[in-house]
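Data first, discussion second: the structure below is written as structure tokens.
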Amino acid sequence: MDKNKLKIAFIGGGNMASCVFNGIVKTRPHQDEIMVSGPHVEKLEHFKAQGAQVTSDNAAAFAFGEVVFLGVKPQMMPVVLDGLKQSGVSYDDKLIVSMAAGWRLQAFEHRLGPCKLVRIMPNTPAKLGLGVTAVCTGREVSAEERDLCLSLLEGLGKTVLTDEAGINSLGALAGSAPAFMYRFMEALVSETVKHGFSEAEARAIIEQMALGTAQMVIHNQDQSLAQLREAVTSKGGTTFQGLQQMTQYKFEEMMTEVIEACLRRTHEFEEMFD
Ligand SMILES: NC(=O)c1ccc[n+]([C@@H]2O[C@H](COP(=O)([O-])OP(=O)(O)OC[C@H]3O[C@@H](n4cnc5c(N)ncnc54)[C@H](OP(=O)(O)O)[C@@H]3O)[C@@H](O)[C@H]2O)c1
């Protein structure tokens, strides 16, 4: 396989596959050939518009790809893997990259036998190139293949090389966490509206506050988050009173429970898809 001129396949061309595809097209020299398969080719027009081939035949995409991204929903995976296995296409030399939550490497091996497998867990800010993508490689994957996979994901944002436990925890802490941040922001927007601002004004205010706060964190690496928080908090002042309420309502304990709940669900999926 020539890593500067790859044949890349996507089996399933939904949201996350589009995101990975866009990242690849954005960051790599335009010498790769890409094929995308899905049951409704008419939904794959945007891939075609960017130079990819599209097909409704998963086996054709599988045969084509040197690197094959599996972009189907976890519950569709058994039928898709069975189809790929039965197609008779040899996959000894293919790098198979799954983005499916709850699908352990061993679950793939149960169905496909030993193969070169990588699990990735992107999050939705990857659409803007601001994602965090956890990456974990199976035992058949060489260091070169791992690095190739990491380079393919560069356009999504940060990548974190980890193990399967790390895929699960980052699934919660980076994958689900944008929903927690949205919820936090929703609550602040509601409070802003309660205090007399229009919805549009409230959203603009809270957006800018969140953006500015994230930038403060990024631009002040020499200070801990606690120091940044303390810099906004004078003892006995207004922010101090607000933070006291967060403590009284056990904010940290709640976040531990939130993450634990995500992980419990992940483990349930793992049992289901084993
Ligand atoms: N979205 C996220 O934030 C996120 C984050 C991390 C990981 N993931 C993982 O990414 C994967 C895809 O999620 P998604 O959000 O992108 O879902 P999605 O938008 O629903 O995409 C799934 C795609 O699979 C296609 N498909 C269905 N049956 C198929 C089959 N038999 N063969 C080939 N393709 C088939 C669907 O095509 P039709 O629409 O034509 O039926 C659809 O394009 C999941 O495993 C999920 O766990 C998603």
Region 82-116: number of residues that are under 18 Å from Glu164 (Cβ atoms) and not acidic (Asp, Glu): 20
Pair list, Cβ under 6 Å, 6 or more apart: region 191-215 residue more than 26 Å from Leu130 (Cβ to Cβ), other residue surrounded by 12 or more Cβ atoms within 10 Å (Cβ to Cβ): Val193/Ala202
Matching entry among Phe69, Phe64, Phe108 (being on the phi < 0 side of the Ramachandran plot and within 10 Å of the ligand (Cβ to nearest atom)): Phe69
Residue in region 229-247 that is in contact with a Phe, Trp or Tyr (Cβ under 9 Å, 6 or more places away or on another chain), over 30 Å from Lys158 (Cα atoms), among the hydroxyl-bearing types (Ser, Thr, Tyr) and without any contact (Cβ under 8 Å) to a residue 12 or more places away in the chain present: yes
Qualifying residues in region 121-130 (those that are touching a Leu at 6+ places or on another chain (Cβ under 8 Å) and either free of Cβ contacts under 8 Å to residues at least 60 places away in the same chain or in a helix (DSSP H, G or I) (or both)) - the one farthest from the ligand (Cβ to nearest atom): Ala126
Single match in Lys73, Lys48, Lys85, Lys94 (criterion: surrounded by fewer than 18 Cβ atoms within 10 Å (Cβ to Cβ), among the charged types (D, E, K, R) and closer than 24 Å to His30 by Cβ): Lys48
Selection count where residues are more than 17 Å from Phe184 (Cβ to Cβ) and in a helix (DSSP H, G or I), scope region 234-274: 16
Members of region 131-141 that are surrounded by 18 or more Cβ atoms within 10 Å (Cβ to Cβ), more than 16 Å from the ligand (Cβ to nearest atom) and not aliphatic (A, V, I, L, M): Thr137, Gly138
Filtered residues of region 1-17 (kept if out of contact with any helix residue (DSSP H, G or I) (no Cβ under 7 Å at 6 or more places or on another chain) and within 15 Å of the ligand (Cβ to nearest atom)): Gly12, Gly14, Asn15, Met16, Ala17
Wholly within region 136-217, helices (runs of 4 or more DSSP H) carrying at least 1 residues that are more than 18 Å from Asn123 (Cα to Cα) and not assigned by TED's automatic domain parsing to the domain that holds Asp93: 177-194
Unmet requirement for Pro74, which otherwise passes all of (1) within 27 Å of Met272 (Cα to Cα); (2) within 8 Å of the ligand (Cβ to nearest atom); (3) at pLDDT 95 or above: (3)
Test for Val79: is it surrounded by fewer than 21 Cβ atoms within 10 Å (Cβ to Cβ), farther than 22 Å from Glu144 by Cβ and among the hydrophobic types (A, V, I, L, M, F, W, C): yes
Positions within region 36-52 being under 21 Å from the mean Cα position of the chain (by Cα) and either more than 12 Å from the ligand (Cβ to nearest atom) or among the β-branched types (Val, Ile, Thr) (or both), in sequence order: Val36
Which numbered condition Gly102 misses (of (1) surrounded by 19 or more Cβ atoms within 10 Å (Cβ to Cβ); (2) at pLDDT 95 or above): (2)
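The values are calculated or read from the model by the stated rules, or taken from the named source; none is laboratory data. This structure is a prediction, so every number in the text was calculated from the model and none was measured. Methodologically, a virtual Cβ is constructed for each residue, glycine included, from the backbone with ideal geometry; neighbour enumeration extends over all protein chains shown.
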